[in-house]
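See below for the structure under consideration.
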Amino acid sequence: MIDKNLLDVQTLLRRNGILISFSGRLSQQLIEEYGEAVKTYLESENRPKNEIFHIFSIFIELTQNIKNYGTAKTDSPFYDKIVQSSIITIGKDGQGSYICAGNLVEGPDLEVLTARIDELSGLNKDELKTLYKDRLKRSEPEFGAGVGLIDMARKSSHALQYSVTPAEGNLSFFTLKAVV
Amino acid sequence: MGSIRHIQIEGTRSTPEVRFDPERHILAIRGQSYPENAFAFYEPLLKWLDEYLAELTAETTVEIELQLPYINTTSTKCFLMFLEKLDGAFKEGKRVSVRWLYDEENESELECAEEFKEDLVLPFEIVPKAAE
């Protein structure tokens with residue numbers, strides 16, 4: 001049965017235009033390994049350099065955000081579930097190359113997160129830049145700049161898209177998609 | 001400046017190479033930066049810079065050489081703090097200048113350099129690597 005399952009996985013990946021995917025617990029080392037692999041892979045496809053830089057950059061911000069979120073949830077009863085829940089994909093669809101990532105998020109955090117993304121969706125490039133610089137100046141370095149989402153929005157050609165699927169307890173599976 | 005030590009840190013995949021030479025007055029940072037904890041990496045460098053700038057006289061010329069193809073947002077925050085310290089020294093009359101070498105095919109890198117430059121008054125040169 002295992003080979004049949006694997007074929008199903010491959011069919012699903014192909015159908016969604018997914019070139020690269022990683023599912024499971026993230027570590028800094030994995031982020032570095034995958035980040036470099038993504039870059040090398042895209043270079044081998046002769047993509048424009050800017051596109052490669054943007055994909056790499058969004059990949060790093062997204063994966064580090066997800067990993068840091070897990071680290072911040074050490075005291076949560078759902079800690080293990082949250083850190084195991086991450087999935088990152090890079091693919092291509094009608095809009096262009098995209099990075100799409102998902103993970104389990106607790107209720108109150110989800111509200112903060114979606115409000116932040118909604119705030120960005122109506123802004124043009126200049127407004128995003130102003131907001132980015134302002135937040136960067138006011139952020140505390142010890143707690144992360146907290147400006148990763150704005151940076152991702154700036155490097156995307158479309159507004160950031162997200163979806164929320166309720167899971168057990170107060171958890172939801174949250175996905176974020178950035179199109180380059 | 002005898003009391004201030006040299007800093008030599010080799011680069012890794014996620015941290016840049018750092019060469020701070022308090023005798024030749026050249027401070028160089030080169031490479032990608034996206035460590036797990038950017039502040040832990042940059043905090044000792046920021047402290048070093050405070051000490052170095054405090055002892056710096058108005059006769060000395062300091063050159064800062066940056067080559068940063070990719071820096072994540074938390075590293076960007078650290079660089080902002082680093083550059084603001086240098087800008088402060090310049091405003092006090094010290095001779096501090098920045099030179100940023102970038103890859104012409106990397107628009108993000110140029111944009112990053114330009115955005116730092118916008119908010120600073122110190123001499124800040126942005127040079128394509130091919131022009132070297």
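The values are calculated or read from the model by the stated rules, or taken from the named source; none is laboratory data. These numbers come from a predicted model, not from an experiment. Don't worry about glycine lacking a Cβ; one is built from the backbone with ideal geometry, like all the others, and counts go over all protein chains shown. SASA here: full protein model, heavy atoms, side chains in, ligands and nucleic acids out. Shrake-Rupley method; radii C 1.70, N 1.55, O 1.52, S 1.80 Å.
Look through A:Lys49, A:Lys73 and report the one residue that is of a type in the set (Lys, Arg), in contact (Cβ under 8 Å) with a residue 12 or more places away in the chain and either surrounded by 15 or more Cβ atoms within 10 Å (Cβ to Cβ) or within 19 Å of A:Leu149 (Cβ to Cβ) (or both).
The unique qualifying residue is A:Lys73.
Looking for whichever is surrounded by fewer than 21 Cβ atoms within 10 Å (Cβ to Cβ), within 30 Å of B:Glu107 (Cα to Cα), within 16 Å of the chain's Cα centre (by Cα) and at pLDDT 95 or above here; the options are A:Ile58, A:Ile20, A:Ile99, A:Ile87. Which one fits? Show your work before the answer.
On the way: A:Ile58 fails: surrounded by fewer than 21 Cβ atoms within 10 Å (Cβ to Cβ); A:Ile20 fails: at pLDDT 95 or above; A:Ile99 fails: surrounded by fewer than 21 Cβ atoms within 10 Å (Cβ to Cβ).
Sole residue among the options that is surrounded by fewer than 21 Cβ atoms within 10 Å (Cβ to Cβ), within 30 Å of B:Glu107 (Cα to Cα), within 16 Å of the chain's Cα centre (by Cα) and at pLDDT 95 or above: A:Ile87.
So, in region B:75-132, of the ones that are in a loop (DSSP other than H, G, I, E, B) and more than 10 Å from chain A (Cβ to nearest Cβ), which residue ends up modelled with the lowest pLDDT? Give the steps one after another, and end with the answer.
From region B:75-132, those in a loop (DSSP other than H, G, I, E, B) are B:92-94, B:103-106, B:119-123, B:132; that's our starting set.
This time we only want the ones that are more than 10 Å from chain A (Cβ to nearest Cβ), so: B:92-94, B:120-123, B:132.
Numbers: B:Glu92: 95, B:Gly93: 95, B:Lys94: 96, B:Leu120: 96, B:Val121: 97, B:Leu122: 97, B:Pro123: 97, B:Glu132: 58.
So the residue we want is B:Glu132.
Quick one: how many residues across region A:145-172 are more than 14 Å from every other protein chain (Cβ to nearest Cβ) and either acidic (Asp, Glu) or open to solvent by less than 60 Å² (accessible area, probe 1.4 Å) (or both)?
Residues of region A:145-172 that are more than 14 Å from every other protein chain (Cβ to nearest Cβ), as a first pass: A:158-172.
Right, trim to either acidic (Asp, Glu) or open to solvent by less than 60 Å² (accessible area, probe 1.4 Å) (or both) and you get A:159-160, A:163, A:167-168, A:171-172.
Matching residues across region A:145-172 total 7.
Kindly establish whether A:Thr130 is assigned to a loop (DSSP other than H, G, I, E, B) and over 30 Å from A:Leu13 (Cα atoms). Break it down stepwise before answering.
Details: assigned to a loop (DSSP other than H, G, I, E, B): no; over 30 Å from A:Leu13 (Cα atoms): yes.
Taking the combined requirement at face value, the residue does not satisfy it.
Those residues that are closer than 22 Å to B:Ile126 by Cβ, open to solvent by 10 Å² or more (accessible area, probe 1.4 Å) and within 13 Å of the chain's Cα centre (by Cα), I need them from region B:7-31; list them, please. Give the steps one after another, and end with the answer.
Initial filter on region B:7-31 (closer than 22 Å to B:Ile126 by Cβ): B:11, B:16-20, B:25-31.
Now restrict to residues that are open to solvent by 10 Å² or more (accessible area, probe 1.4 Å): B:11, B:17, B:19, B:25-26, B:30-31.
Result: B:Glu17, B:Arg19, B:His25, B:Ile26, B:Arg30, B:Gly31.
Within region A:41-59, work out how many residues are at the interface with another protein chain (Cβ under 10 Å from one of its Cβ atoms) and among the β-branched types (Val, Ile, Thr).
Going through region A:41-59 one residue at a time, the tally reaches 1.
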